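Worksheet: the structure to be examined is printed underneath.
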Amino acid sequence: MNIPNAITAARIAMCPVIPFLALSDGVGNRYAAFLVFLLAALTDIWDGQLARRYGWVTDTGKLLDPLADKLLLVCTFVPLYMISHRTDELGALPWWGAMPLWVVLVIFGREALVTSLRGYAVRRGIVIAAGKSGKLKTLALSVFTGAALLWYPLAATAADSGWSGGPWELWLGLHGALIGVTLGLSVLLSLFSMADYLWRHRSLASRS
């Protein structure tokens, strides 16, 4: 296993830690969930850069990296969905309120379909690497997830500390807008990248 693949494996190992911390009681645990996610997201950038710079791109890496991304998605979206459906006022997501189930189904459905396509291709000796549209989708999801994971402990800290005034209200508005916009973009890019993958690899259907 080369260095980029080892980094990807470390990202996979971090994934189960995030829901444990995010769903735990205590603001500190939720800040920790955000930090672990941030580290995992940074390793996603780091392993790709190392692989390309030093020629360490492997078929194993092409398969492990998307797998790590999908595991990270599940381990962050599920707790965020659960937290957003809590009845207290700190549970609601900015612009969205409780995360709609259809959003989760669109995003997870896209991942399941593309993963199935990759598995089908591998059985025919073809490795499908992540495309540009898929990378943009991952970027939008990463920004949304990081912003949302930070939103909850920050909002709780503000409520406990009585933060108010212009600077805090400005930050609240900008942070909330970032969450709202990036979740919407994540849905749109999930649909677009799914269509893009199916179109670019439509020739696989003729090999069945």
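Against the numbered list (1) farther than 18 Å from L141 by Cα; (2) within 13 Å of the chain's Cα centre (by Cα), L23 comes up short only at (2). Quick check on region 131-140. Is at least one of its residues outside any helix (DSSP H, G or I), touching a helix residue (DSSP H, G or I) at 6+ places or on another chain (Cβ under 9 Å) and either within 30 Å of L204 (Cβ to Cβ) or modelled with pLDDT of 95 or more (or both)? Yes; the residues of region 131-140 include at least one that is outside any helix (DSSP H, G or I), touching a helix residue (DSSP H, G or I) at 6+ places or on another chain (Cβ under 9 Å) and either within 30 Å of L204 (Cβ to Cβ) or modelled with pLDDT of 95 or more (or both). Quick one: in region 79-116, of everything that is under 17 Å from the mean Cα position of the chain (by Cα) and of a type in the set (S, T, N, Q), which residue is modelled with the highest pLDDT? Of everything passing the filter in region 79-116, S84 is modelled with the highest pLDDT.
Taking region 1-37 as the search range and keeping residues that are of a type in the set (F, W, Y) and surrounded by fewer than 21 Cβ atoms within 10 Å (Cβ to Cβ), which one is nearest to G146 (Cα to Cα)?
Y31
Summed over region 137-179, the residues that are touching a Ser or Thr at 6+ places or on another chain (Cβ under 7 Å) and surrounded by fewer than 19 Cβ atoms within 10 Å (Cβ to Cβ) give a count of 1.
For every residue, the table says whether it meets (1) outside any loop (DSSP other than H, G, I, E, B); (2) free of Cβ contacts under 8 Å to residues at least 40 places away in the same chain; (3) under 13 Å from the mean Cα position of the chain (by Cα).
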{"residue": "I7", "(1), (2), (3)": "yes, no, no"}
{"residue": "A13", "(1), (2), (3)": "yes, yes, no"}
{"residue": "R30", "(1), (2), (3)": "yes, no, no"}
{"residue": "F34", "(1), (2), (3)": "yes, no, yes"}
{"residue": "F37", "(1), (2), (3)": "yes, no, yes"}
{"residue": "L42", "(1), (2), (3)": "yes, yes, yes"}
{"residue": "L50", "(1), (2), (3)": "yes, no, no"}
{"residue": "G55", "(1), (2), (3)": "no, yes, no"}
{"residue": "G61", "(1), (2), (3)": "yes, no, no"}
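Please find, within region 167-192, the residue that is nearest to W95 (Cα to Cα) out of those that are polar (S, T, N, Q) and either in contact with a strand residue (DSSP E or B) (Cβ under 6 Å, 6 or more places away or on another chain) or in contact (Cβ under 8 Å) with a residue 60 or more places away in the chain (or both). Filtering first and then ranking leaves S186.
Within region 105-120, being within 16 Å of D196 (Cα to Cα) and surrounded by 15 or more Cβ atoms within 10 Å (Cβ to Cβ) holds for V106, I107, R110, E111, V114, L117, R118. Only one residue in S164, S116 is without any contact (Cβ under 8 Å) to a residue 40 or more places away in the chain, of a type in the set (G, A, S), on the phi < 0 side of the Ramachandran plot and assigned to a loop (DSSP other than H, G, I, E, B). Which one? One residue alone meets the criteria, S164. Filtered by the rule that a residue be hydrophobic (A, V, I, L, M, F, W, C), in contact with a Phe, Trp or Tyr (Cβ under 9 Å, 6 or more places away or on another chain) and more than 28 Å from G48 (Cα to Cα), region 65-102 gives I83, L90, L93, A98, M99, L101. Of all residues in region 1-27, those satisfying the criterion of being out of contact with any Leu (no Cβ under 9 Å at 6 or more places or on another chain) and not hydrophobic (A, V, I, L, M, F, W, C) are P19, S24, D25, G26. W102 fulfils the conditions (1) loosely packed, with under 13 Cβ neighbours inside 10 Å; (2) aromatic (F, W, Y); (3) under 24 Å from A32 (Cα atoms) except for a single criterion, (3).
The values are calculated or read from the model by the stated rules, or taken from the named source; none is laboratory data. Predicted model, so just to flag it, every value in this text is computed and none were measured. No Cβ is skipped: glycine too gets one built from the backbone with ideal geometry, and neighbour counts run over all protein chains shown.
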